[in-house]
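First the structure, in the form of structure tokens, and then the observations on it.
Derivation of every value follows stated rules applied to the coordinates shown; laboratory data play no part. Note that the structure is a prediction, hence the values are computed from the model and not measured. With ideal geometry, Cβ positions are generated from the backbone for all residues, glycine too; neighbour counts draw on all protein chains shown.
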Amino acid sequence: MADLVAVFLFIGVIAYCVLGGADFGAGFWDLIAGGAGRGREPRHLIDDSLAPVWEANHTWLIYCLVMLWSGFPPAFAALTSTLYLPLGIAALGIVLRGAGFAFRKASIRTPEQRVYGAAFAFSSVLTPYCFGSIAGALASGRVPARGDGDPVTSWLNPTSALGGVLAVLACAYLAATYLTVAAGRHGDPHLFRYFRDRALAAGVATGAVSIAGIFVLRADAPRLFHQLSHRALPLALLAALCGLLGLALLRAERTRGLRTTAAAAVALIVSGWGVSQYPYLLGTHLPVQDAAAPHATLAVLVGVACAAGILILPSLVLLFRVMGRADVAAPAPHD
């Protein structure tokens, strides 16, 4: 039962990485889009793509938090007691990001739009970096089960830095890929090439950092490195294959299956981390079984997760399908 709840928890982590990560990545491209004139069209497409779904994607974050503190309270207590700095920064970033995005759309004057846009863009980079650094802290065993880990070095270390940079790059790759497809649906060749080139660059950068990260993990997180090169090796190879296929589709300017391929690459990377981490929740010192809540609580969580899947998943699918049709019907940003 504890393993089943852990699987449900990790499904939420993957969903948040794939869906919420694309939202964060859109903020990255917003940040480097340029001034008001040069960046107007890319930002218009970003706003149109994010507006209907950015709140819905945070459902997965809430789901993960509820599953963690209800299903594995010792792990939740240790994590929040040690990593309260990156968690607090990430929470602040989510709030500032939402406020900046909402107020920028409602503002009329350009100076105000720049202020709110900067809050949205910088928070969109800082938040996934913090989440990635948290994953690195967990994977490298820097979160003691007692929750008395160092609040600074626990997330400012080589493995956490690798996790943070990879999170930002993966989000940027996902967002650029999704926006490439959206631009194609709008029938805008200029924006299609604009985001296609950036998706290619982000994909190559993500692959290069992943390869360099092998040496970082070997030196700083030997258990994670061993598991990634043994138990999780098939997932890592599949992730690499999906990444190469996505780059090939981008280079050939083909959008059919592009979003699915990009999402699969990121999902497989995250799954490889989960498989490598098992059976521990915290490094090598808190197994899933030891951290689990009583059996009755776990049974309720399984029921809630199944009910949530029945109720929420069709709603999200409907939302994305409706948005896809809206993209087709929408005019190009420069029209």
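Numerical summary
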read-out: Tabulated pairs, segment 187-211, first at positive phi, second not in a helix (DSSP H, G or I), C-beta under 8 angstrom, 6+ apart or interchain; value: Gly187/Ala332
read-out: Any chance Leu298 is touching a residue at least 40 places away in the same chain (Cβ under 8 Å) and in a strand (DSSP E or B); value: no
read-out: Selected residue (only one of Ala291, Ala267, Ala263 is under 20 Å from Cys64 (Cβ atoms), touching a Pro at 6+ places or on another chain (Cβ under 7 Å) and either in contact (Cβ under 8 Å) with a residue 24 or more places away in the chain or surrounded by fewer than 16 Cβ atoms within 10 Å (Cβ to Cβ) (or both)); value: Ala291
read-out: Some residue of segment 230-252 being among the hydrophobic types (A, V, I, L, M, F, W, C) and outside any helix (DSSP H, G or I); value: yes
read-out: Subset of segment 19-37 [farther than 14 Å from Ala172 by Cβ and touching a Phe, Trp or Tyr at 6+ places or on another chain (Cβ under 9 Å)]; value: Leu19
read-out: Hits in segment 121-130 (condition: out of contact with any Phe, Trp or Tyr (no Cβ under 9 Å at 6 or more places or on another chain) and farther than 23 Å from His44 by Cβ); value: Leu126, Tyr129
read-out: Set Ala208, Ala137: member being surrounded by fewer than 18 Cβ atoms within 10 Å (Cβ to Cβ), among the small types (Gly, Ala, Ser) and more than 23 Å from Arg254 (Cα to Cα); value: Ala208
read-out: Flag if Ser315 is more than 25 Å from Met1 (Cα to Cα) and either part of a helix (DSSP H, G or I) or acidic (Asp, Glu) (or both); value: yes
read-out: Residues being polar (S, T, N, Q) and within 19 Å of Thr284 (Cα to Cα) - total across segment 117-150; value: 2
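Table: residues versus (1) within 19 Å of the chain's Cα centre (by Cα); (2) aliphatic (A, V, I, L, M); (3) over 30 Å from Pro74 (Cβ atoms).
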site: Arg218; (1), (2), (3): no, no, no
site: Leu228; (1), (2), (3): no, yes, no
site: Ala236; (1), (2), (3): yes, yes, no
site: Ala239; (1), (2), (3): yes, yes, yes
site: Ala263; (1), (2), (3): yes, yes, yes
site: Leu268; (1), (2), (3): yes, yes, no
site: Pro279; (1), (2), (3): no, no, no
